[in-house]
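The structure appears below as C-alpha cells.
Where a number appears in this text, it was derived from the coordinates with a stated rule and is not lab data. Note that the structure is predicted; figures quoted are calculated from it, not measured. Note: ideal-geometry Cβ built from the backbone for every residue, glycine included; neighbour counts use all protein chains shown.
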C-alpha cells in the first residue's frame with residue numbers, strides 16, 4: 001500500500017527529477033524569481049525553503065549541506081551572505097507562488113515562484 005507516500009513525481013524518473021529540482025532551486029536562489037509550471041513550482045518550493053532554513057542556521061555543516069544540493073558555489077555564497085538577512089525575523093514561508101496565464105504552446109498551467 002502507498003499510504004503516506006505522496007510526493008511530486010513530475011512524470012520523470014528519479015534521477016531526472018532530482019536534477020530538475022536541483023537546477024530549479026539553484027536558479028530560484030540566483031534570480032529570486034522564476035517562471036515555471038505550477039507542479040514544478042510547488043515541488044521546488046519545499047527545497048528552496050529548506051535551503052533558506054539551512055542558511056539561517058549558518059554554521060559550517062549547514063553550508064556544506066546546502067553546497068551539496070545547490071549546483072553553483074556562488075549561489076551558496078549569495079544565499080548565506082546576502083539573501084538570509086531578509087529572513088532573520090521570519091519563521092517560515094520564504095517563497096510565494098503566483099499563478100499566471102497558461103502556456104501558449106500546450107496550455108500548461110504556469111506560475112511564478114519568488115523569494116519574499
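In table form, for the structure just shown:
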item	result
Contact order relative to length of segment 14-115, as percent, for alpha carbon pairs under 8 angstrom and 6 or more apart	37
Cα pair distances exceeding 23 angstrom across the chain, given as percent	32
Point-to-point label distance, residue 97-residue 38, nm (Cα→Cβ direction, 7 Å offset)	0.9
The chain: angle of helix 38-57 to the longest principal axis, Cα-based, in degrees nearest 10	10
Rounded tilt (10° steps) of 60-69 against the dominant C-alpha axis of the chain	20
Relative packing of peptides 35-41, 47-53 - highest average C-beta neighbours within 10 Å first	47-53, 35-41
Length-normalised contact order for segment 72-116 - Cα pairs under 8 Å, 6+ apart - percent	30
Sequence ranges 83-89, 100-106, ranked by mean other-Cβ count within 10 angstrom, highest first	83-89, 100-106
Shape of segment 1-61, Cα gyration tensor, a/c cut at 1.5	oblate
Additional length obtainable on full extension of the chain from residue 104 to residue 9, 0.36 nm per residue less Cα span	31.8 nm
Rounded if a/c under 1.5, otherwise prolate or oblate - segment 48-116, Cα gyration tensor axes	prolate
